Amino acid sequence: MSLPEVLLWEELRKRGDGLRFRRQHPAGRYILDFYCPSVGLAVEVDGEIHSRGSQPHHDADRDKWLKTHGVRVLRISAVDILRDLDAVVRHIGDVARGDYPSTACGGPPPPPGEE
């Protein structure tokens, strides 16, 4: 696991809101970075490589396959995790609870006052 994935995993394991995540969870031919089975949410940590070459196409195909199998996908930038881990964890919780729609792109909302 990359440093952002390790940091996020440590925080997800501490959660006290009843959401339990699995790491490196198999889904068909894919391995999900993190998966919360109770709400069907996959959290994918995207580093720089996800914007290069054929990777965006691969990610789109993967997200489409997951969606057809009832898995919502939330992509989080590795940079966002390193910048503001607390905001990322709050955003994941919001999406898991349905407070925000999940998306196949983007990270946490901007900090208050920076909208």
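The values are calculated or read from the model by the stated rules, or taken from the named source; none is laboratory data. All values derive from a computational prediction rather than experimental measurement. Positions of Cβ are generated from backbone atoms using ideal geometry, with glycine treated the same way; all protein chains shown enter the neighbour counts.
Looking at (1) surrounded by 15 or more Cβ atoms within 10 Å (Cβ to Cβ); (2) assigned to a helix (DSSP H, G or I); (3) modelled with pLDDT under 90, which is the one condition that is false for residue 102?
The one condition residue 102 does not meet is (2).
Which members of the stretch 78-103 meet the condition of being among the acidic types (Asp, Glu) and more than 16 Å from residue 11 (Cα to Cα)?
Just the residues of the stretch 78-103 that are among the acidic types (Asp, Glu), to begin with: 80, 84, 86, 94, 99.
Across the stretch 78-103, the qualifying residue is only 99.
Surrounded by 16 or more Cβ atoms within 10 Å (Cβ to Cβ) and not hydroxyl-bearing (Ser, Thr, Tyr): which single residue out of 74, 82 fits that description?
Result: 74 is the single residue among 74, 82 that is surrounded by 16 or more Cβ atoms within 10 Å (Cβ to Cβ) and not hydroxyl-bearing (Ser, Thr, Tyr).
Just to check your reading of the model, which residue among 75, 62 is out of contact with any Lys or Arg (no Cβ under 8 Å at 6 or more places or on another chain), closer than 20 Å to residue 11 by Cα and not aromatic (Phe, Trp, Tyr)?
Values: 62 fails: closer than 20 Å to residue 11 by Cα.
Exactly one residue qualifies, and that residue is 75.
For the subset of the stretch 12-31 comprising residues that are under 19 Å from residue 94 (Cβ atoms) and surrounded by 15 or more Cβ atoms within 10 Å (Cβ to Cβ), which member is modelled with the lowest pLDDT?
Checked the stretch 12-31; the qualifying residue modelled with the lowest pLDDT is 15.
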